[in-house]
Amino acid sequence: MKKYIRFTALFLILLIAPVRTAYAYTEHHSYSSSHTEVWVDATGLAALLVTLAAGNSNNDAEAAKQQAAYEQKVREIREHSKESSRKEMEHALDIIFERGVPGAVELLVRSWEGEGKKTFLDDRNGVAVLKVSGFEENIRLEYTIRQENKKISVRITAPDYSISEESSAYYKEPVPIPPSKSYLGFELEEFMRDPQGRLLIKDVVKGTAVFYAGVLPGDTLVMIDTYDTKNFDIARVDSYLQNRAEAKAKVKITVSQKGEKKTIEIQL
């Protein structure tokens with residue numbers, strides 16, 4: 001546009017200059033038509049066109065500056081959205097591994113609403129979609145958990161800048177705690193038995209009754225109540241403990257440690 005205006009100015013100078021020369025002998029360097037007198041000044045016209053070109057140049061520079069600032073803002077928001085989606089996904093993975101999908105979704109809803117954010121949950125057909133409005137100013141957050149293939153996706157969108165960034169990963173759910181560990185405080189292994197065929201204790205949970213009673217990994221679980229464990233498999237132990245726990249009963253376990261037996265009573 002600038003080149004076009006400058007070219008036009010030059011063209012007019014070259015065009016009008018001969019006109020001025022032709023009328024040089026007149027006193028006023030003018031011509032008249034009817035009652036209107038028009039002064040032909042090529043230099044002034046060229047100056048006007050150059051001024052217009054300069055003004056257009058300033059407008060172009062300002063527009064270029066604004067465009068550059070906008071593009072920089074878009075880059076910053078895109079990078080921020082990408083990093084936020086990754087961090088939120090990793091956080092959700094940790095919660096799912098600790099609490100499972102239902103517990104994780106419940107905690108996420110409670111946490112965001114506790115911060116004053118609006119949430120919308122659509123949980124059906126094995127797919128949980130949790131939307132969070134106002135994650136940040138004009139930025140939205142969306143979790144999608146597909147239980148069929150154990151995959152979670154976290155999407156960050158900034159509609160004002162046409163930005164959408166997503167991070168995805170496969171999640172792991174918590175390993176179920178066997179009843180022997182949750183109720184009695186130690187873990188058993190089906191193929192860990194003493195020479196008499198009784199179950200051996202694999203691991204002891206710190207802070208439990210059996211821990212404070214001095215039970216150690218490798219000790220023999222001789223009896224649960226009146227039942228000898230050489231006649232029990234792990235599934236039967238778990239079933240028995242589950243039934244007794246539902247009744248909120250007490251059980252007595254007999255443990256042998258280096259040939260010495262001790263009995264411990266545990267409230268389920």
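Readers should treat all values here as calculations from the given coordinates under stated rules, not as data from a laboratory. Keep in mind the model is a prediction, meaning the values are calculated, not measured. No Cβ is skipped: glycine too gets one built from the backbone with ideal geometry, and neighbour counts run over all protein chains shown.
Observations on the structure shown:
- Of LYS172/LYS262; LYS82/LYS172; LYS73/LYS131; LYS151/LYS202; LYS117/LYS181; LYS172/LYS202, pairs whose Cα-Cα distance is over 28 Å: LYS172/LYS262; LYS151/LYS202; LYS117/LYS181
- Measuring max minus min along each principal axis, the C-alpha atoms of the stretch 76-183 give extents of 55, 26, 25 Å (largest first).
- Packing-based exposure ordering (other Cβ within 10 Å, fewest first) of PHE191, PHE211: PHE191, PHE211
- For the stretch 179-267, the relative contact order is 26 percent, taking Cα pairs closer than 8 Å that sit 6 or more residues apart in sequence and dividing their mean separation by the residue count.
- Across the stretch 245-256, rounded Karplus estimates of 3J(HN,Hα) from the backbone phi angles (6.51 cos²θ - 1.76 cosθ + 1.60, θ = phi - 60°) give 5, 5, 8, 6, 8, 9, 10, 10, 10, 10, 10, 10 Hz, Gly and Pro being marked x.
- Long-range amide H partners of ASP219 with built H, under 5 Å: ILE201
- Aspartates and glutamates with Cα under 15 Å of LYS261, excluding same-chain neighbours fewer than 8 positions away: ASP194, ASP219, ASP225, ASP228
- Distance from the stretch 146-175 to the stretch 53-110 (C-alpha centre basis), Å: 15 Å
- A cut-off of 5 Å between modelled amide H atoms, ignoring neighbours fewer than 5 places along the same chain, links LYS151 with ARG146, TYR171.
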